[in-house]
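**Student:** Provided herewith is a single structure, encoded as C-alpha cells, for subsequent inquiry.
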Amino acid sequence: MRRVIKEDGSPRSVTPQDGSLAGERMQKDSGGRRWRPRQLFFLLFLLVSATAICLISAWHSAELVLASLKKGETGRLKLSSSRPVSSPAEGWKVWLSQKETVDIAFRENHYFLATARGGIIVYDQNLKPVQQITSLEGLLENAVTALTVSGDTLWIALKHYGLVALCEGKILSYTSPAETEYPVSCLTDSPEGLLVGTMGDGVLKLSGSSFVRVAGLSGLRVRCLAYDQHRILVGTDDRGVIQLQGRVPVTISVREGLSSLTVFDVLACGDYFLVATAEGVFRVSHDRQARCVLEGFSTALGQISGTVWAGTLMAGLRPVGVSSFPEQLTGQRINRIKTVGGRTFVLTDDGAYVWLDRHWERLPDLSSIPSGFITSVAEGSRGLYAGTFEEGLLLLEDGRLRKQVTNEELREVNCLFLDEDSDQLLVGTGSGLIFLNLDGKWQGQLTEEILGGSVSGLCRYGRYIACALSGGGVCLLEGKELFNLSRFQGLVNNHAYSCCVFDSLLYIGTLGGVSVLSGKKVVASFSAPSSPLPANWVTALYSCSGALYAGTYGGGLACFSDGKWESLRQKTGSCEVNNNALAGYGDYLLAGTVRHGLLILDTKSHKCSYIREGLPSRNVTAVLVRGQRLYLGTECGLACIEKDAFQPLLP
C-alpha cells in the first residue's frame, strides 16, 4: 500500500491491483533510489550474462586442464612386468613392522592401509585385518608411499620402485629405466584418470601402458596433489604451490605470502584452498594471496565431521580456524587425514586411527616386530638378536619378539658381535659399545668419548676385541685396557667401518682403503690408486674359502689372496655393499647391497647372480647364515629363508 497526496493536500491510501500502477509510477528500492522498468531489465540482463560468463569460464578452465592432461611428453614410468598375486613361497618368512602408516584407500568393500615399511594391510568392512600384500605376495618392496583407486584398479606407489597396479588378481609394475630415479611421492584420481606426483619428474598421467608428463607441471619435486573439478593443486618440495587452472601454471610462493616453500599437503575448499607447511597452515584466496590461519609445523589437512583439522609433526591434530575444539591424538606425528569408504582415518607413525562414535580407535595391525629397519643380526643359544636403526635391540625366539632392549644409549645399533669366549653380546652403537648378557641384561658400556668414535664393526682379534670406529680409527679392547690407532699410527684413514681377521692379521676397512695390523702395528695399507681395489670406501670384510673378500661402496667386491688384491667389479657390477653385510654359504659369498638385493658370488668361478624378488626390500643391510636358515636384514623387515628354499636360487 502506498501513500499519495490529494488535491487539497490531505493524504490518502492507494492499493495497486496489478502492475499498471507500478508501470506508471516510479518505484523505490530499499536505499531510496528510484528504478525504472527498463533499468531493472538491464540489471537482470547483466546478472544473467555475468553468471553465464563465470560458468563458461569455469567450464573452459576445466577443459583446458583436461587438455593439458591429454597432452605431454612421455614420462619415465613404463610397464615393466605383469604377474599374478601369489601366495608366500614355501620356506620363506618375514618379520615386519606395520605401525608407520601413510595412506588408505577403499575398493570392493575392503580398506587397504599402506605402511612405510610393512607393505599393505587389507581390512574388511568391520575393520578386521584379513590379508597382507607384501613382497611375499609380489610387491617389489614393502616400502609404500601412497595409495589410490582409479576406476577398478588399486594403485600402489613404492618408495624406490615406481608404481604397482593391482587389478583382477594381477600385479602390474611400472618402473623407470633407472629404478630409484624420481620416486613416486603421491597419487590422486581425476576425470581423465590417474595423476602421479614424483620427486623430480613432475606430475604424470597414465596413457595406455606408460605415463606422460602433464604439460606445465614437468620437472617438479612433488609432495602432494589435489584435484577439484577445474584445477590441479601441486604442493612441491621447494617451490610452494603450483596451480594449473587452464594451460598456464601459476605459482603461489613467498611473494604471495607463503613463507615456506616446502608444502606437505593441500586441501581444496571451494573458492579457496589450504596449504600445510613447516610454518603453519595458510589460506590461499581467489586472488592468490596467502595468509597464515594456524601457526606451527603442519603435515596434513582434512575434514573431520565438517571441521578442517591440521595434522602436526608431533602435536597430533589441531582444528583450523576453530579455537573451541581441543587438540586430539596429542604426541602423534600425523602423516595423512583421509575419508574413504564413508569413514575418516588419521594415519600416524604409530598406527592408523578411525573416527568411530565420536572418538578415535586404533586399527589392529599385523606387526611382528616394533621396528622394520634392521641393521645387524646375530644368533646364539637364547635366540636371534636383531639390531635396529632407531629402536634398539630385538630378541626373537621361534619367530616371536621375546624382548626389546632400548634406551638413550642403546637406540641406533650399527653392529653385533656374539663373543662366545665371554658369553656376552657386544652391541656397537652410535653412542659407543654396549655389553649385554645373552638374555639382554645390561652389563656395561664404553661411551663414544672413551672409545674415540661410534662403533661400526666388531670382531675377535686374539686376546683383543677389535672395534672399527667410524670417526676414530681402531680401538683394541682387552679387559679394561684400551689401545687406539689412527692415522698417526699409520692407518690409511680414520673413518673405519669393518674389521676381520685373516691369516692371523687384522684387516681394517676404511673410507680410504684397507689397513693391515700385526699385533698393534700397522704393517700394510691398500687403496684404490695403488692397488686393484675397485673403490676406496671398504664397508665390509669377510674371510671364506681361503681368501679375504672386501665389499665396497660403489665398486662391488674384491678378493685378497696370495698377497694380492683382485677386483671383481666386472663380475659383480658397481654395486654398493652395506656395512658388514657379508656372509659365507659353503662355496658362496653372500653380500647385501643397497639397491640390488642379495648378491651371490661363487668363490671358485667368480660367477655371480642377484636375488631381488620376495625380499622385504632390495636394500639388504645384514646377512647371517646359521644352521638350516638364512637371515636377511633389510630396511623393511627381517627375512628368514630355509636352506631347502634357498638352494635352488644359487647360480
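**Student:** Any idea which residue in the stretch 561-582 is least open to solvent (accessible area, probe 1.4 Å), counting only those that are of a type in the set (D, E) and either outside any loop (DSSP other than H, G, I, E, B) or in contact with an Asp or Glu (Cβ under 7 Å, 6 or more places away or on another chain) (or both)? Step through it out loud before you land on a result.
**Tutor:** Keep residues of the stretch 561-582 that are of a type in the set (D, E), which gives 562, 566, 576.
Among the residues that remain, those that are also either outside any loop (DSSP other than H, G, I, E, B) or in contact with an Asp or Glu (Cβ under 7 Å, 6 or more places away or on another chain) (or both) are: 566, 576.
Values: E566: 90, E576: 25 Å².
Taking the candidates together, the pick is E576.
**Student:** If S185 meets every condition in (1) open to solvent by 10 Å² or more (accessible area, probe 1.4 Å); (2) modelled with pLDDT of 95 or more; (3) part of a strand (DSSP E or B); (4) touching a Leu at 6+ places or on another chain (Cβ under 7 Å) apart from one, which number is that one?
**Tutor:** Exception for S185: condition (4).
**Student:** Follow-up. Find the residue count for the stretch 392-419, including only residues that are under 22 Å from the mean Cα position of the chain (by Cα), at pLDDT 95 or above and within 30 Å of F345 (Cβ to Cβ).
**Tutor:** Adding up the residues that qualify gives 1.
**Student:** From the list Y553, Y585, Y610, which one is under 23 Å from E141 (Cβ atoms) and surrounded by fewer than 20 Cβ atoms within 10 Å (Cβ to Cβ)?
**Tutor:** Details: Y553 fails: surrounded by fewer than 20 Cβ atoms within 10 Å (Cβ to Cβ); Y585 fails: under 23 Å from E141 (Cβ atoms).
Only one candidate qualifies: Y610.
**Student:** Residues of the stretch 271-288 being in a strand (DSSP E or B) and open to solvent by 70 Å² or more (accessible area, probe 1.4 Å), which ones?
**Tutor:** Within the stretch 271-288, the first condition is being in a strand (DSSP E or B), and the residues that meet it are 272-277, 280-284.
Matches in the stretch 271-288: R283 only.
**Student:** Looking at the structure I just gave you, is D201 modelled with pLDDT of 95 or more, open to solvent by less than 40 Å² (accessible area, probe 1.4 Å), at negative phi and charged (D, E, K, R)? Full working, then the answer.
**Tutor:** Numbers: modelled with pLDDT of 95 or more: no; open to solvent by less than 40 Å² (accessible area, probe 1.4 Å): yes; at negative phi: yes; charged (D, E, K, R): yes.
No; evaluated as a whole, the condition is false for this residue.
**Student:** Now for a different question. Do we find that D421 is in a loop (DSSP other than H, G, I, E, B) and closer than 30 Å to V516 by Cα in this structure? Full working, then the answer.
**Tutor:** Values: in a loop (DSSP other than H, G, I, E, B): yes; closer than 30 Å to V516 by Cα: yes.
Considered against the rule, which asks whether it is in a loop (DSSP other than H, G, I, E, B) and closer than 30 Å to V516 by Cα, D421 comes out as yes.
**Student:** Now, a different point. Those residues that are open to solvent by less than 10 Å² (accessible area, probe 1.4 Å) and touching a Cys at 6+ places or on another chain (Cβ under 8 Å), I need them from the stretch 138-167; list them, please.
**Tutor:** Once the filter is applied, which keeps residues that are open to solvent by less than 10 Å² (accessible area, probe 1.4 Å) and touching a Cys at 6+ places or on another chain (Cβ under 8 Å), the stretch 138-167 yields E141, N142, A143, A146, L154, A157.
**Student:** Return yes or no: is W360 free of Cβ contacts under 8 Å to residues at least 40 places away in the same chain and surrounded by 13 or more Cβ atoms within 10 Å (Cβ to Cβ)?
**Tutor:** Numbers: free of Cβ contacts under 8 Å to residues at least 40 places away in the same chain: yes; surrounded by 13 or more Cβ atoms within 10 Å (Cβ to Cβ): yes.
Against the criterion (free of Cβ contacts under 8 Å to residues at least 40 places away in the same chain and surrounded by 13 or more Cβ atoms within 10 Å (Cβ to Cβ)), W360 qualifies.
**Student:** Also, I was wondering about something else. When the stretch 106-132 is examined, which residues are found to be more than 15 Å from the chain's Cα centre (by Cα), surrounded by 23 or more Cβ atoms within 10 Å (Cβ to Cβ) and either assigned to a loop (DSSP other than H, G, I, E, B) or not aromatic (F, W, Y) (or both)?
**Tutor:** Result: I121, single match.
**Student:** How about the stretch 238-251: which of its residues are within 18 Å of C186 (Cβ to Cβ) and open to solvent by less than 30 Å² (accessible area, probe 1.4 Å)? Walk me through how you get there before you give the answer.
**Tutor:** Residues of the stretch 238-251 that are within 18 Å of C186 (Cβ to Cβ), as a first pass: 238-244, 249.
If the condition is that a residue be within 18 Å of C186 (Cβ to Cβ) and open to solvent by less than 30 Å² (accessible area, probe 1.4 Å), then G240, V241, I242, Q243, L244 are the ones that fit.
**Student:** Another one. What number of residues within the stretch 454-484 satisfy the criterion of being in contact with an Asp or Glu (Cβ under 9 Å, 6 or more places away or on another chain) and among the basic types (K, R)?
**Tutor:** Number satisfying all stated conditions: 2.
**Student:** Please note which strands (runs of 3 or more DSSP E) are completely contained in the stretch 432-544 and include at least 3 residues that are open to solvent by less than 10 Å² (accessible area, probe 1.4 Å) and among the hydrophobic types (A, V, I, L, M, F, W, C). Working first, answer last.
**Tutor:** Values: elements: 432-437, 442-447, 455-461, 464-469, 473-478, 481-485, 496-502, 505-510, 513-518, 521-526, 538-544.
In the stretch 432-544, 432-437, 464-469, 473-478, 513-518 are the strands (runs of 3 or more DSSP E) which contain 3 or more residues that are open to solvent by less than 10 Å² (accessible area, probe 1.4 Å) and among the hydrophobic types (A, V, I, L, M, F, W, C).
**Student:** Would you mind finding the one in S298, S259 that is under 16 Å from C224 (Cβ atoms), out of contact with any helix residue (DSSP H, G or I) (no Cβ under 6 Å at 6 or more places or on another chain) and not acidic (D, E)? Even if it seems obvious, please write down each step before you answer.
**Tutor:** Numbers: S259 fails: under 16 Å from C224 (Cβ atoms).
Of the residues listed, the single one that is under 16 Å from C224 (Cβ atoms), out of contact with any helix residue (DSSP H, G or I) (no Cβ under 6 Å at 6 or more places or on another chain) and not acidic (D, E) is S298.
**Student:** For L599, state whether it is crowded, with 21+ Cβ neighbours inside 10 Å, over 23 Å from Q132 (Cβ atoms) and at pLDDT 95 or above.
**Tutor:** Working: crowded, with 21+ Cβ neighbours inside 10 Å: yes; over 23 Å from Q132 (Cβ atoms): yes; at pLDDT 95 or above: yes.
So L599 passes the test.
**Student:** Among the residues of the stretch 188-220, write down those that are in contact (Cβ under 8 Å) with a residue 40 or more places away in the chain, outside any strand (DSSP E or B) and closer than 17 Å to D152 by Cα.
**Tutor:** P191, E192, S209
The values are calculated or read from the model by the stated rules, or taken from the named source; none is laboratory data. On a predicted model such as this, the values are computed, not experimentally measured, just so you know. When we count neighbours, we look across all protein chains shown, and the Cβ atoms used for this are built from the backbone with ideal geometry, even at glycine. What goes into the accessible areas is simple: the full protein's heavy atoms, side chains included, and nothing from ligands, DNA or RNA. Shrake-Rupley method; radii C 1.70, N 1.55, O 1.52, S 1.80 Å.
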